[in-house]
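Note sheet for the following structure.
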Amino acid sequence: MESSRTGGVGVRTRSQHQRRKRIIQAAAALASRGGVEAMQMRTVAERAGVALGTLYRYFPSKMDLVVAVVGEEIDLLEQSIERRPLSATTPAGRAVDVLMRATRGLMREPELADALIRSIIMAEVVTPFGDRMTELLLRVAAGGLTAEQATEEQWAVAGSLASVWVYELLEMLRGRRTYEQVQRRIEIAAGRLLADLRP
């Protein structure tokens with residue numbers, strides 16, 4: 001009896017996870033066509049094939065949904081690094097590789113990128129984007145360093161580099177930077193900020 005109950009919970013949790021993923025994918029698809037404005041809760045629910053009440057149970061507000069889409073984008077970036085490890089040998093080089101890979105991924109969907117960047121800058125709720133990018137930069141640049149192991153200075157320089165990247169990406173979305181200009185500026189910033197970072 002116990003095992004069947006446990007099995008039921010497992011199935012329910014899996015289906016909840018799949019439903020949540022479907023909602024996030026629907027929201028991302030809408031944002032990629034029309035930015036945050038296109039992520040109307042009713043439209044997201046219809047596209048994901050769930051009731052509006054179900055959507056609000058998972059995501060009480062549109063900003064909660066934006067935060068989830070941001071998290072999904074970082075998950076995809078981390079998965080791409082696992083599939084194709086970074087080839088650069090210096091901390092700055094690895095950080096640049098990650099940030100430019102993220103840039104290429106986001107620029108494939110400029111409307112979505114614009115929605116995500118604007119949500120970070122204008123967010124009514126705290127997005128995990130900055131901290132997650134900082135953690136990722138520390139991990140790749142400093143040989144697996146975690147947020148818990150990092151010193152205040154290491155966290156600050158990795159966070160500063162993530163902030164520079166967000167600004168450069170915004171300038172690119174506004175048509176004020178080319179991809180090559182963004183890469184050059186990120187290379188300069190990473191070289192200076194991460195010069196003393198040691199794995």
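The values are calculated or read from the model by the stated rules, or taken from the named source; none is laboratory data. Only a predicted model underlies this, so the values are computations on that prediction, with no experimental measurement involved. Note that each Cβ is placed from the backbone with ideal geometry, even for glycine, and that neighbours are counted across all protein chains shown. These area figures cover heavy atoms from the full protein model, side chains too; ligands, DNA and RNA do not enter into them. Shrake-Rupley method; radii C 1.70, N 1.55, O 1.52, S 1.80 Å.
Taking every residue in region 153-176 that is within 17 Å of residue 128 (Cα to Cα) and pairing it with any residue that is in a helix (DSSP H, G or I) and open to solvent by 50 Å² or more (accessible area, probe 1.4 Å), at least 6 positions away or on another chain, the pairs with Cβ-Cβ distances below 6 Å are 160/193; 161/193. Regarding region 115-122, can at least one residue be identified that is more than 24 Å from residue 37 (Cβ to Cβ) and exposed (fewer than 14 other Cβ atoms within 10 Å of the Cβ)? No, because not a single residue in region 115-122 is more than 24 Å from residue 37 (Cβ to Cβ) and exposed (fewer than 14 other Cβ atoms within 10 Å of the Cβ). For region 26-45, filtering for residues that are part of a helix (DSSP H, G or I), free of Cβ contacts under 8 Å to residues at least 24 places away in the same chain and surrounded by fewer than 16 Cβ atoms within 10 Å (Cβ to Cβ) leaves 3. Going residue by residue through region 150-165, is there one that turns out to be under 18 Å from residue 81 (Cα atoms) and modelled with pLDDT under 90? Checking region 150-165: not a single residue is under 18 Å from residue 81 (Cα atoms) and modelled with pLDDT under 90. Residues that are open to solvent by 20 Å² or more (accessible area, probe 1.4 Å), in contact (Cβ under 8 Å) with a residue 12 or more places away in the chain, assigned to a helix (DSSP H, G or I) and not basic (Lys, Arg) within region 46-82 comprise 54, 56, 58, 63, 64, 67, 72, 73, 76, 78, 81, listed in sequence order. Scanning region 91-114 for residues being in contact with a Ser or Thr (Cβ under 6 Å, 6 or more places away or on another chain) and either under 16 Å from residue 135 (Cβ atoms) or open to solvent by 20 Å² or more (accessible area, probe 1.4 Å) (or both) gives a total of 2. Are any of the residues in region 6-21 at negative phi, modelled with pLDDT under 90 and in contact with a Lys or Arg (Cβ under 7 Å, 6 or more places away or on another chain)? There is no residue in region 6-21 that is at negative phi, modelled with pLDDT under 90 and in contact with a Lys or Arg (Cβ under 7 Å, 6 or more places away or on another chain). Among (1) open to solvent by 40 Å² or more (accessible area, probe 1.4 Å); (2) in contact with a helix residue (DSSP H, G or I) (Cβ under 8 Å, 6 or more places away or on another chain), where does residue 168 come up short? So residue 168 meets the others, but not (1).
Would you say residue 140 is among the hydrophobic types (A, V, I, L, M, F, W, C), within 16 Å of the chain's Cα centre (by Cα) and modelled with pLDDT under 85? So residue 140 fails the test.
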